[in-house]
Amino acid sequence: VIHPIPSGTRDVLPDEMRELRAITEAIRGVFESSGYGEIATPALEYETVLTRGDPRAADPAYKLFDEHGNVLVLRSDMTIPIARVVATRYASSEPPLRFCYFAHAYRSVRPQRGQAREMLQAGLELVGAPGPDGTAEALSELCAGLDAAGLENYRIGLGDASLYRRMLDRLAVPDGARPQILHELVTRDFVGLAREVEAHKHEELVRVPQLRGGVEVLEGVPEAAELLAVHELLEPETAGRVIFDLGLIRDLDYYTGAVFEVYDAALGAPLGGGGRYDDLLGRFGRDLPACGWAMNVERLHIARVGEGR
Amino acid sequence: VSIEGLRLAVPRGALLGDTLDLLDRLGVDTSEVRSNDRKLLFEDAGLVTMRPSDVPTYVEAGAADIGITGKDVLSEQAERHVYELLDLGFGPCRMVFATVQGDNPAAEALRRLGVMRVATKYPKIAARYFERTGRQAEIVEVKGSVELAPLTGLVEGIVDLTATGTTLRENGLVIREEIAASTARLIANPVAHKLKAAAIDRLVERIRAA
């Protein structure tokens with residue numbers, strides 16, 4: 001008899017579980033030795049709490065009503081729940097605060113795309129450590145975690161979520177033209193981007209977001225000063241993993257500064273990512289700069305198998 | 001020898017000839033592709049051939065690093081995570097809204113019935129277009145010759161791609177509205193776009209110069 005489960009969800013049987021567990025245990029060891037305390041939060045949150053963090057955070061998720069008619073949402077990531085925990089349970093603790101988690105997150109899927117509705121994330125949040133030092137620490141932990149997970153060929157794309165907006169400010173691009181320009185950038189359409197910025201006569205607007213490579217790509221881009229400062233703080237082994245990407249876009253609105261994604265040639269999509277969200281904690285009443293990342297554990301596993309290990 | 005060590009998804013069909021001509025100018029040996037239309041994978045040249053509408057699927061998954069396909073395909077599959085790098089200029093065509101000639105039956109249906117029926121192979125483009133222009137349309141997805149649908153009374157209008165308009169004319173259809181223009185585009189997988197950044201940038205420069 002076949003009893004179906006929802007598309008985008010899956011059962012994990014012992015052979016796979018053992019391998020997933022080996023990955024998460026190795027990463028947990030890294031977190032522990034660096035002083036990141038593991039926390040768990042409920043899978044269900046009030047919708048009003050999640051949308052306080054990011055208006056879109058509750059949008060793709062699953063909603064239900066509790067017995068009092070409150071709207072509950074399955075969390076779509078762990079960053080907003082941890083921001084809530086910091087503001088409510090650590091309201092007067094001396095920063096920086098270091099947390100890590102291994103938890104499932106829930107996203108809606110497009111039909112027939114084989115996407116996961118439920119995914120296991122391993123991640124950390126570094127609260128109260130401003131950039132560039134906090135960013136460098138998070139990146140160094142990221143490399144340590146990926147090394148421990150057994151990956152050898154991964155690279156980290158490093159960009160800045162505010163870079164392009166600041167460049168539009170510097171070049172005094174009119175407000176009315178910006179939504180369409182940003183739309184082309186977010187949808188990764190450089191043909192459309194070239195068309196939209198043509199009238200503004202600044203070749204930077206189409207050249208800079210296509211820059212990817214070593215630290216030399218930051219030269220001559222005034223908005224990249226923060227990324228340069230991060231680079232100077234990175235240990236050589238971490239710096240060697242970084243590909244600067246001045247067009248890097250993450251799909252959540254709460255990022256304010258450096259953002260990053262992890263790539264492995266064994267997989268056509270990023271293994272995970274993160275960045276700085278210096279405004280998020282303030283929305284919950286404790287105004288602290290913060291930075292964090294989350295890796296998709298199943299994708300780490302696919303990459304590890306793809307690398308032949 | 002492949003182009004810059006990249007694997008390229010090549011569209012069969014209307015875009016194939018111009019694509020192979022472009023590859024010739026880049027110094028890729030395409031004679032095997034030209035002489036063998038059953039073989040699909042040309043490992044030495046780094047080429048894989050497929051239907052244009054499959055190109056975004058292979059490129060998004062990383063089974064090909066880069067690919068060439070029409071803007072029409074990319075608009076229909078707008079949710080694909082691929083980079084659109086270059087307008088290659090060839091394969092020009094237009095996405096149009098057409099009906100039988102004479103009185104416009106779609107306008108009549110809209111006025112009297114409040115909704116028109118539209119057949120297309122591009123349901124997302126069609127739905128977006130009528131939503132944007134404030135008209136209610138019932139989209140009927142067909143896989144084969146769309147021109148047949150309005151002639152048999154299945155629908156009042158069609159949304160389809162046309163290069164010269166000949167097929168439409170021969171079936172007694174006229175273009176009522178132009179929705180978008182399309183040409184061939186070079187697309188890239190988001191991970192290859194970072195990990196093979198130098199190779200992809202070199203290729204883009206070579207195509208610009210070719």
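So the values come out like this:
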| quantity | calculated |
| --- | --- |
| Tally of residues being in contact with a strand residue (DSSP E or B) (Cβ under 7 Å, 6 or more places away or on another chain) and free of Cβ contacts under 8 Å to residues at least 12 places away in the same chain across the stretch B:1-55 | 2 |
| Subset tally (residues that are at pLDDT below 95 and among the hydroxyl-bearing types (S, T, Y)) for the stretch B:144-165 | 2 |
| A:E237 vs. criteria out of contact with any Asp or Glu (no Cβ under 6 Å at 6 or more places or on another chain), assigned to a helix (DSSP H, G or I) and not hydrophobic (A, V, I, L, M, F, W, C) | yes |
| Residue match in the stretch A:143-153 (condition: among the small types (G, A, S), in contact (Cβ under 8 Å) with a residue 12 or more places away in the chain and on the phi > 0 side of the Ramachandran plot) | yes |
| Yes/no for A:V230 being surrounded by 20 or more Cβ atoms within 10 Å (Cβ to Cβ), touching a Pro at 6+ places or on another chain (Cβ under 8 Å) and of a type in the set (V, I, T) | yes |
| Near pairs, Cβ below 9 angstrom, 6+ apart or cross-chain, from the stretch A:82-94 (of a type outside the set (A, V, I, L, M, F, W, C)) to any residue that is surrounded by 12 or more Cβ atoms within 10 Å (Cβ to Cβ) and in a helix (DSSP H, G or I) | A:R84/A:V49; A:R84/A:L50; A:R84/A:R52; A:R84/A:G53; A:S93/A:V86 |
| Those residues of the stretch A:10-36 which are loosely packed, with under 14 Cβ neighbours inside 10 Å and touching a strand residue (DSSP E or B) at 6+ places or on another chain (Cβ under 6 Å), in sequence order | A:G35 |
| Selection from the stretch B:182-207 of residues that are farther than 24 Å from A:F244 by Cα and within 12 Å of chain A (Cβ to nearest Cβ) | B:S182, B:T183, B:A184, B:R185 |
| Failed condition for A:L267, given (1) crowded, with 20+ Cβ neighbours inside 10 Å; (2) closer than 23 Å to B:A199 by Cβ; (3) at pLDDT 95 or above | (3) |
| Single residue of B:I179, B:I158 found to be under 22 Å from B:L74 (Cβ atoms), in contact with a Phe, Trp or Tyr (Cβ under 7 Å, 6 or more places away or on another chain), of a type outside the set (G, A, S) and away from chain A (no Cβ under 14 Å) | B:I179 |
| 3 or more residues surrounded by fewer than 17 Cβ atoms within 10 Å (Cβ to Cβ) and touching a residue at least 12 places away in the same chain (Cβ under 8 Å): qualifying strands (runs of 3 or more DSSP E) within the stretch B:100-210 | B:137-141, B:173-182 |
| All positions within the stretch A:127-151 that are in a loop (DSSP other than H, G, I, E, B), touching a helix residue (DSSP H, G or I) at 6+ places or on another chain (Cβ under 9 Å) and more than 14 Å from chain B (Cβ to nearest Cβ) | A:G128, A:A129, A:G131, A:P132, A:A149, A:G150 |
| Filter result (at the interface with chain A (Cβ under 10 Å from one of its Cβ atoms) and crowded, with 16+ Cβ neighbours inside 10 Å) within the stretch B:76-92 | B:R80, B:H81, B:V82, B:Y83, B:E84, B:L85, B:L86, B:D87, B:L88 |
| Condition check for A:E235: of a type in the set (D, E) and touching a residue at least 24 places away in the same chain (Cβ under 8 Å) | yes |
| Candidate set: the stretch A:220-270, residues that are of a type in the set (F, W, Y) and under 18 Å from A:L185 (Cα atoms); chosen: the one farthest from the other protein chains (Cβ to nearest Cβ) | A:Y254 |
| Residue that is modelled with the lowest pLDDT, among those in the stretch A:252-264 that are within 13 Å of A:G159 (Cβ to Cβ) and of a type in the set (F, W, Y) | A:Y255 |
| Unmet criterion (only one of (1) more than 24 Å from A:L124 (Cβ to Cβ); (2) modelled with pLDDT of 95 or more; (3) assigned to a loop (DSSP other than H, G, I, E, B)) for A:E16 | (3) |
| Test: residue in the stretch A:159-177 that is under 30 Å from A:A266 (Cα atoms), among the charged types (D, E, K, R) and surrounded by fewer than 17 Cβ atoms within 10 Å (Cβ to Cβ) | no |
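The values are calculated or read from the model by the stated rules, or taken from the named source; none is laboratory data. Note that the coordinates shown come from a computational prediction; the quantities given were computed from them, not determined experimentally. Backbone-built Cβ (ideal geometry, glycine too); neighbour counts: all protein chains shown.
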